[in-house]
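Report on one structure; see the data block that follows.
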C-alpha cells in the first residue's frame, strides 16, 4: 500500500472516533501526521486514544453543529500548532422515512450535523490556513448528495449542500495554496449502516455495479492523496468513489 508523506502536518478529523474517520486517523498517523480527532462521544474518544497509544494523536469532544464550541476548540489548537489538514467527516444518516413522515427536529438535526457542521469547521479553520498560505480540506459527502436516495431526503439534501459548499469555497481559495475537495463514497461497512434498515442497505448495494461495499482502505487512500502536497492542483472538485454507481 502506498505511503503518503504527511510529516510535519497537523490534521483535524471530525467524527474521528469510528468508521471512516478512525481509519483516516490511523492512516494519517502512519504517514507521519499529527492527528487531532473530534467526536461527540467522549467515551469512544478515550477508548480510541487508549487503543492507538500514539504521542501524535490527541482528541477533543466537539459538537460540530455548535459554532461556539468549534471556534473555541480551534483557538486552543492554534495557540500551539498550525492546522494544515481538515477532514469534515462527521455525519449522521437519520431514519429512513419518506419526506412527509419526517419529524422536523430529526430533519433539522441531520442538516445541522452534515451541512452546518461542515460550514462551522471551515469558517473557524480557513482563516488560519490563509494566514499560513497552506491547507488541504476534504469534505466527506456521499453519492446520495449527487443522486438522491429515496427515504433519505434530509441526508441527501445535506450532502448535496456540502458539495455546493466545496465548489464555492474551493473557488474562493483557488489563488492560495489551499485545496478544497469533496469525496462521494458509496456505502461502506461502517457503523453508519446500523442506523439504516436492512432493506435500505440492500437497496444501496443493488445500485453499485461492482456488487460490493467500499473497503475502508480504498477510501482512505483517496483521502490521503487529496490531503497531501501531491495534490497541488485539484480544488473545488468532487471525487467519486462509488464503484461505478455515479460516473459524473
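The values are calculated or read from the model by the stated rules, or taken from the named source; none is laboratory data. Here the structure is a predicted model, which is why all the values come from computation and not from measurement. For neighbour counting, all protein chains shown are included, and Cβ atoms are generated from backbone atoms with ideal geometry for every residue, glycine included.
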May I ask you to list the residues in segment 23-61 that are under 17 Å from the mean Cα position of the chain (by Cα) and surrounded by fewer than 15 Cβ atoms within 10 Å (Cβ to Cβ)?
-> 41
Please work out which one of (1) free of Cβ contacts under 8 Å to residues at least 60 places away in the same chain; (2) in contact with a strand residue (DSSP E or B) (Cβ under 8 Å, 6 or more places away or on another chain); (3) not in a helix (DSSP H, G or I) is the condition residue 97 fails and give its number.
-> (2)
Looking at 148, 170, 211, 135, which one is free of Cβ contacts under 8 Å to residues at least 40 places away in the same chain and surrounded by 14 or more Cβ atoms within 10 Å (Cβ to Cβ)?
-> 148
Tell me which residues, restricted to segment 1-38, are under 15 Å from residue 90 (Cβ atoms) and assigned to a helix (DSSP H, G or I).
-> 19, 20, 21, 22, 23, 24, 25
Condition test on residue 62, is it modelled with pLDDT of 95 or more and touching a helix residue (DSSP H, G or I) at 6+ places or on another chain (Cβ under 6 Å)?
-> yes
Checked pairs for segment 39-51, first in a helix (DSSP H, G or I), second surrounded by 13 or more Cβ atoms within 10 Å (Cβ to Cβ) and at pLDDT below 95, C-beta under 9 Å and 6 or more apart or across chains, list as 44/18; 48/18
Is there a residue being over 26 Å from residue 199 (Cβ atoms), part of a helix (DSSP H, G or I) and either modelled with pLDDT of 95 or more or within 14 Å of the chain's Cα centre (by Cα) (or both) anywhere in segment 132-152?
-> yes
For segment 211-242, which residues satisfy the criterion of being assigned to a loop (DSSP other than H, G, I, E, B), modelled with pLDDT of 85 or more and under 18 Å from residue 146 (Cβ atoms)?
-> 234, 236
Residues within segment 63-87 that are buried (at least 17 other Cβ atoms within 10 Å of the Cβ) and over 19 Å from residue 108 (Cβ atoms), tallied = 10
Return only the number of the condition from (1) surrounded by fewer than 18 Cβ atoms within 10 Å (Cβ to Cβ); (2) over 27 Å from residue 81 (Cα atoms); (3) at pLDDT 95 or above that residue 176 does not satisfy.
-> (2)
Output for Cβ contacts, cut-off 6 Å, separation at least six or different chains, first residue over 25 Å from residue 160 (Cβ atoms) in segment 224-238, second at pLDDT below 95, reads 224/4; 228/4
Could you tell me whether segment 2-11 includes any residue that is touching a helix residue (DSSP H, G or I) at 6+ places or on another chain (Cβ under 6 Å), in contact (Cβ under 8 Å) with a residue 40 or more places away in the chain, buried (at least 21 other Cβ atoms within 10 Å of the Cβ) and within 18 Å of residue 74 (Cβ to Cβ)?
-> yes
